[in-house]
Each structure stands twice: as C-alpha cells, then as structure tokens.
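Undergrad: Before I ask anything, let me first share the structure, which is written out below as structure tokens.
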Amino acid sequence: MATAGALLFGCGSSAGNAEGESTSVPEGGLDATFAADVHFGLGNSSGGGDSSTDGAQGPFAIAPLTPTVTVVTGQPLPTVAFTATVAGTETGAAWSIDRGELGTISTSGVFTPSGTIGGIGKITADYGSQLATTTISVVIETTQTGDPSYSVNGFDAGTGGYGGVGGSGPGAQPTAAQVAALNNPSPTVDPSVSILYPYNNTVWPQGLLAPLLQWNPGANLFDSVLVDLKEKNYEYEGYFAENATPFLNLPIPQAAWQALTLSNAGTMDPVTVTLVFGNAGAAVGPYTETWTIVQANLQGTIYYNSYGTALVQNSDSTDHYGKQYGAGTLAIAPGATSPALVAGITSTPATPPAGTGPNEPANGTGCRVCHTVAANGQALVTQASNSNANNYSNTVYIDLANDTTMGAGASLATDNLAFPALYKDGSLLLSSAGSGGMINGDSTSRLYSLPMGNLVAGVTGLPSGFQGMLPAFSPDGMHVSFNFWGGTFPATTADAGADSGADAATGTGVALNSDTRSLAVLDFDGTSTFSNPRVLYTPTNGDPVVYSSFLPNSAGVVFEVELGNMSGQWGYTWNGNTSELWWVDVASGTARRLDQLNGYSPTGTIYLPGNDADAGGTGTHPQAQEPTLNYEPTVNPIASGGYAWVVFTSRRMYGNQAQLDPWTSDPRNYPWLDEVTDKKLWVAAIDLNAAPGTDPSHPAFYLPAQELHAGNARGYWSVEACLASGQSCITGTQCCGGYCQPGGDAGGLICTSTMPTCSGMYERCTMTSQCCGAPQGITCIDGVCSVSSPPPP
C-alpha cells in the first residue's frame, strides 16, 4: 500500500492507576510512525523543579489559568510560561502535563507544544503536599498546497487502491491562480454538484486510514479543490490541483487525517468538512458536511470471504480473461493496510492440454469460503471445496493462534457444517440447518465439540427436527439467535414471568412452532443445555430474517431482513436479492429498522446517492434501491468509544469508484481487473444503550484495506488470537491473561494474567467497580472495561 505508517485499527494504552486516572495515552492511540513524532507521555510527560515545602507557606496557585496557545504550521512554536506562587510569592514547583502528545513543560514551567496535535491538557504544579492545576488548550492551524505524496510518475496503489481506499491518488500542487480562485470569498453554489462520499453525519473511529473524498461534478470540469477540515482545536486547509481528468476524487492526506482525529474531543467537538472547487478561475461551492470522531480505535480483526482475491489462485474455472482467480477467507488485522490470507491454498493445476498456455484452471480444491470465527479469535471454521466443481461439503477447522496447516485447515469429523455458530471460546459449534438455498447445511441443528467436530452427548433443550438457520452465539455465551426454520418447541409451564418455551407476549405455556422467517433466540448454559425459546421478531409481508449478530452487551441483536429474492436462493446477496438491516431489543422484543445505516435520513428521505439522475449516469444504481443493498451483519464483540460497531456487506455505490450493476461481482462474467465491483464491506457505529424502538445507527463508512477489485463479503468480527503473558501488547483484549501492563523493555507494556489494582480500558473485568475509570463512566461490558456511551453533545 502507498500509505506508510497508516492504521486501519489501532489501540490505546490500558494502563491505569488506583485513582482511576489514565497513566498512559488516552484511548485511541497512535501508530508507531506517528507516535515517534509526538512523544506520548506516560502520566507526567515531563517535569521537575522544587516541590519541597521549604520557604513560604500559604495558598498555592499557578498562572495563567486556562490559556490557549495557537500553533500555525511552518511558524516558530509559541510557548506559555506558567508560574507558581505561595501566598502571592513566586516559588519553584514540579510541573507536569497529563497529555504528553500535546507538548512538554520544562522544570521552570514553560510549556512548548509539539505542534502536531491539538486538544486540551491538564497542567499540574506540585509544591510539597499541595497541588494546583489548570488546563491548556492547544489549537493547530495547518495549510498545505499539494500532497507531498503526489508524483507525475504515478504511485503504487496496492491491492486496496491508493491509501487502502482507491481513487486517483494524491493531488498536485495548484498554481497561484488556482489558489486565488479557491480563496474567492463568494463562491457560487452549483446545485448539480454533490458530495458522494463520505456521508454527512458519519461517525468515525480514530486510527483509521484516511477516507477518499468523492464528488459528482455535474457539468463542471474542475481543476482544483480546497479542502477545509475544522474542529475546535484543529483546522486544516488543503489546496490541490487535479489528480486526473475528470477530477472526481481526492484522498485526505494521512497525516492531516491523523492529526484531525487525534485532536478531536468526541461528540462535543464536531468536524465541519467544506469543499470549494476551482473551475477555470471560478470558485464553485461551498459544499459542507459534519462528522463525528469517536475517542477510540476499533479493536479486533475482520475475517471475510473474497472472490477474485490476488492473494491466492485456486478457482475451478477461468475468469473473464481466461485465467485462474482466487477464493478464500482473508483478514484485516489491527494496523494492516492490506488483507492477509487466512484460509485458502493454491491448488495444483491440472495437466494442461497440448497447445494451451500455463493459465489452465486448477481443480478448485484450494478454495476456503463460508466461514465463522469464534469471538475470542482462536478458531475459524470454513468450507473447503473438493474435486467436484462447486462442492463445498468439507468443513475444516483452523487454529488462528497457531495454524500449522498453512491455510488449508483440518477436516472435522462431520461434513456439511457451513455457517454455524461458534461458541465465544471456539470450543463448541451449533450447526445451521434448513434448506433455504444455503449450501451444505446440517439436517438438524446440533451441538458439536471443537476442534474435532464430534457430537456433544447429553444435549437438552433442542427438540427433534429443530432447524435453526444461520445461528449466532452472544458474546457472553448465554444466548443463541437463529432463523426459526424448522421444528417445534413443546409447551412448558412459564416460571414467574420467564418465557420458558411459552408465548413471549402472554407468558402462557404454548408450543413454539417454526415459520421459516422469524428471528428466535435460546438461552444456553455454556455446556449442553438450551432453554427458554422465544421469537424476538417476525417480519411483515413474509420477509424472512437471515443473518443475525448480538451487540457486545448481549442485550440486542442486529439482523438482516430479506426483502426480495429474485435469485430464488434464500440468504444470498446476488442476482437481484435485496435486504436491509434491523435491530431488536432482547428484553422487550421491540424491533426497529437501522435507518441511517441502511441509507435513510432521520426524516425518512434517502441520503445515499444514486446515479439514476446523474448527468451522463448509467442508471445502474437507482437511488430508491440503494438502502436495500445491505446484507450479512456481524457486530464487533468489543465496544469502542461508547458505540457498538457492525461490519456488513453492501452492494451500494462506493462514491464514483464503484458504480457497476450492484450484482456484478463474479470474476468469470466481467473484466474485474479493470472495473470495480460494488460488493464491498462497510462499517457503521451503533449507539450501545439505545432505547428500544429507536434507530441507534449512524451512516456507514467504507472499510479501508480490503482489496478494491475483489468481491468481498461476510465480514466476521472478532478479537485477535490472544498473546501469552510476557509478550508485548497495546491493550488487554490482545492478552490471554486479560491485562496489558507496564513491565517490558524501556517501560513498554506486556501481557499478564495478574490483575492490577484496577483494570484499564479494554482490560478484563467481572464487574464495573473493577474498572479504573468507573467513576468517569467506564463500565464492564462482556468482561471488558469499555466506554458505555459517547461524550454528550
């Protein structure tokens, strides 16, 4: 990839002290390249001076109070001189700042900003037993003309496109005349011009690869653009000449994106994005959006299916070009700028007939698709093809922590276990069952042990003939959701308000019958007993529920509702099938469509752009259809920044980068190396503690680092396979022992199973009181200390 040092996901430090204050970097963190420039401080970033009690006695104070220092990039760094006084007389003190990335404070009390990150820090003066504090606001103002990454000789885009997001690459330095035009104080708005991506009101995490700005120019032929990114403590103005003709997109420079997101203070500090375009000396605009930056990096790895991946060649047929292509399960890990192959091997080609070239197809036995991953990142189960074309009956197991099969996997004792539910620790598998058009399902839903794949003996609570399609265990392991495809749960006596197999609405003991379309849920004891079956939601008009996934707190379920089945194959995303995503509150059974995720504004209008009305548009994406092209949701088991995060497949337009027919994704049927399929992975934030019946979702963003030309689907989110004690770490979720604490070389962090005085962010917990930040609203969510809600607006 072209963006060196950029992160898809990063992690903040988890260290804390007994008082609950962070003694390390704030949640969010930086990648290694950027951190080397800003010198994160662990607790007191610098300090010194005389903190003795000798000399004057009396009230202790510091000055100035709450100053603001503005850094203009390219100019000398300003400083702020703090003084400490006792009874009005200046004295020495030990100085410190709680956010070393903002700057340093000398032994004499002089604060010097780093000049890279804006924000608010706490200055503390220590004089004997007395402390005095104030805050300092650092404001960064940056102007850039042209991207240093631009080259007339082009760039190496990599498999994910430039910067992991595609597009025509960085913008050149504009001419003086172009800059003057862009600075016109009264530009003209052209209503035919619109921003296609990102969407207004998008909620972004920190640590992400910079997004690609994309627009519809209308009838204009733009030659330059002014990008203004503004928040309370940071403003960036970037002037760029066209990177291609026509000029349709521009990546935000990675350094500017990092500085913007790390200078932000959360939902109380919105980002205003303004674009002004240059058109032959005239200024066109402004066009403005508002974004929210979450004070957290996303945790965990996303595993997904890819058809047309460049990482392996194993197809049983040739593509549009007459060559072999690849199909496998890939992973985008924290810090990655491109995916890695996890499951899939290159097949041995068949002997080519005489007179043919070297690109004859292999037998397809290397394909590894249709996967499920345990929430703890230890185990992956997927389907392997055999020598019969398109036969994926062989179910294989991969130990993600220590795969010795090089992506091939070890066959289970039982075949045909596609799309199962894996228990949170990867020890159990509940099979998917029911015809429905899904491949290779079990005859009935049954419980198997892993890694061998043998039936678990003594299972209770699953009636004969039970078929739960596409089941999913909750993060706490206490529930499983599924499409209630077949079988009957017998009537039982309801217990004191508990459902216990009774009708959820009345509490009376009645049989619970399948209907092939409802979302249902069972309780589970973690070993062999299922109980308390109930239907959470039955779609109207006969629309069936397909995939489902629990929120991190196990209190809600996100699920797919299939709206149209043009392909005649239930649960698929191809050949005209349409779907949208919903959520349901488990306690009340109240369901609601995820409007903003799907593409509807709060007023009910469609905000997703289509190309049916564009000048010269192909009409492949009618706007009315765009919100119905969302499928296969999986929720990250770790909450970040007060939000749950869902990854899903969508065939919507990706700005002006992907505007083919939505179902064009089979490498055999179109020039896939020259065109970009719309079948991609997207991510959206969901309010974690939303009221039942409300829409907790926010507009989604394109998942960076996925292969741009491949058809990507079925993202499955889990934490990474855990690290043993003593290994270096960034957060506790990476560690088998659950804690990431100081103890490594040069003061680094290492994994440990020894519980500290209190658990830091993303460290293990069993109750909220164990979290260092509990007084500040940090809560224990599914065994991990996390923010339960974002900062108030």
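Undergrad: Antiparallel versus total DSSP beta bridges in the chain: what percent is that, nearest 5?
TA: The answer is about 90 percent antiparallel.
Undergrad: Accessible area, 1.4 Å probe, largest first: how do 367, 722 sort?
TA: 722, 367
Undergrad: Please compute the Kirkwood hydrodynamic radius of the stretch 186-262 from all pairs of different C-alpha atoms, in Å with one decimal. Can you show the working numbers first?
TA: Values: mean 1/r = 0.0726 Å⁻¹.
About 13.8 Å, per the Kirkwood formula over Cα pairs.
Undergrad: Another question, if that's okay. Any idea how far the Cα center of the stretch 75-113 sits from the one of the stretch 155-232, in Å?
TA: 39 Å
Undergrad: Next question, about the same structure. Given H placed 1.01 Å from N in the peptide plane, which residues other than close sequence neighbours of residue 296 have an amide H under 5 Å from its amide H?
TA: For residue 296, the qualifying residues are 206.
Undergrad: Okay, moving on. For the chain, what is the convex hull volume of its Cα atoms per residue in Å³?
TA: 177 Å³
Undergrad: Then there is this: Mind checking the alpha-carbon convex hull of the stretch 676-793 and giving the volume per residue in Å³?
TA: 173 Å³
Undergrad: Note down the Stokes-Einstein diffusion coefficient of the stretch 138-292 in µm²/s, whole number, using a Kirkwood radius over alpha carbon pairs, 37 °C, and 0.692 mPa s.
TA: Once the numbers are plugged in, D ends up at 209 µm²/s.
Undergrad: If you find the alpha carbon centre of the stretch 615-667 and of the stretch 446-496, how far apart are they in angstrom?
TA: 32 Å
Undergrad: Additional query: In whole percent, and with a 1.4 Å probe on the protein chains, what portion of the accessible area of the chain is carbon and sulfur?
TA: Numbers: 14870 of 28410 Å².
Solvent-exposed carbon and sulfur of the chain make up 52 percent of the total.
Undergrad: Would you pull out the residues with amide H under 5 Å of residue 106's amide H, same chain only if 5 or more places away, H placed 1.01 Å from N?
TA: Hits under the 5 Å cutoff: 111, 112.
Undergrad: Show 90, 562 ordered by accessible area, largest first, where the area counts protein heavy atoms only and the probe is 1.4 Å.
TA: On the way: 90 135, 562 5 Å².
The ordering from most to least exposed comes out as 90, 562.
Undergrad: Taking every pair of Cα atoms in the stretch 207-249, average 1/r, invert it to obtain the Kirkwood radius, and report Rg/Rh to two decimals.
TA: Here Rg/Rh amounts to 1.03.
Undergrad: Please report the base-10 log of the normalised intensity I(q)/I(0) for the stretch 429-474, using a Debye sum with one equal scatterer per alpha carbon and no solvent, at each q in 0.19, 0.23 (1/Å).
TA: The Debye formula, applied to the Cα set alone, gives -0.60, -0.85.
Undergrad: What whole-number value in Å² describes the accessible area per residue of the chain for a 1.4 Å probe?
TA: For the chain, the per-residue accessible area is 36 Å².
Undergrad: Need one word for the stretch 521-603: rounded, prolate or oblate. Basis is the Cα gyration tensor (sqrt eigenvalues a ≥ b ≥ c); a/c below 1.5 gives rounded, then a/b vs b/c decides. Show your work: numbers first, answer last.
TA: On the way: a/c = 2.25, a/b = 1.45, b/c = 1.55.
Oblate, because a/c is 1.5 or more while a/b does not exceed b/c.
Undergrad: Also, quick follow-up: If you stretched the chain out fully between residue 478 and residue 435, how much longer would it get, using 0.36 nm times the residue separation minus the C-alpha to C-alpha distance?
TA: In short, 12.8 nm is gained.
Undergrad: What residues have an amide H closer than 5 Å to that of residue 194, excluding those fewer than 5 places away on the same chain, when H is modeled at 1.01 Å from N in the peptide plane?
TA: 216, 218
Undergrad: What whole-number volume per residue, in cubic angstrom, does the convex hull of the C-alpha atoms of the stretch 392-480 give?
TA: Working: hull volume 8.8 nm³, N = 89.
Taking only Cα atoms, the stretch 392-480 has a hull volume of 99 Å³ per residue.
Undergrad: If you don't mind, there's one more thing I want to ask. Over all directions, how big on average is the projection of the convex hull of the alpha-carbon atoms in the stretch 609-766, in square nanometres?
TA: 13.5 nm²
Undergrad: For 755, 566, write out the residues from largest to smallest accessible area, computed with a 1.4 angstrom probe and no ligands counted.
TA: Largest accessible area first, the list is 566, 755.
Undergrad: Moving on to the next point. For every helix of n ≥ 4 consecutive DSSP H residues, a contribution of -39,500 (n - 2.57) applies; sum these over the chain, divide by its total residues, and give [θ] at 222 nm rounded to the nearest 500 deg cm²/dmol.
TA: -1000 deg cm²/dmol
The values are calculated or read from the model by the stated rules, or taken from the named source; none is laboratory data. From a predicted model like this one, the values you see are computed outputs, not experimental measurements. What goes into the accessible areas is simple: the full protein's heavy atoms, side chains included, and nothing from ligands, DNA or RNA. Shrake-Rupley method; radii C 1.70, N 1.55, O 1.52, S 1.80 Å.
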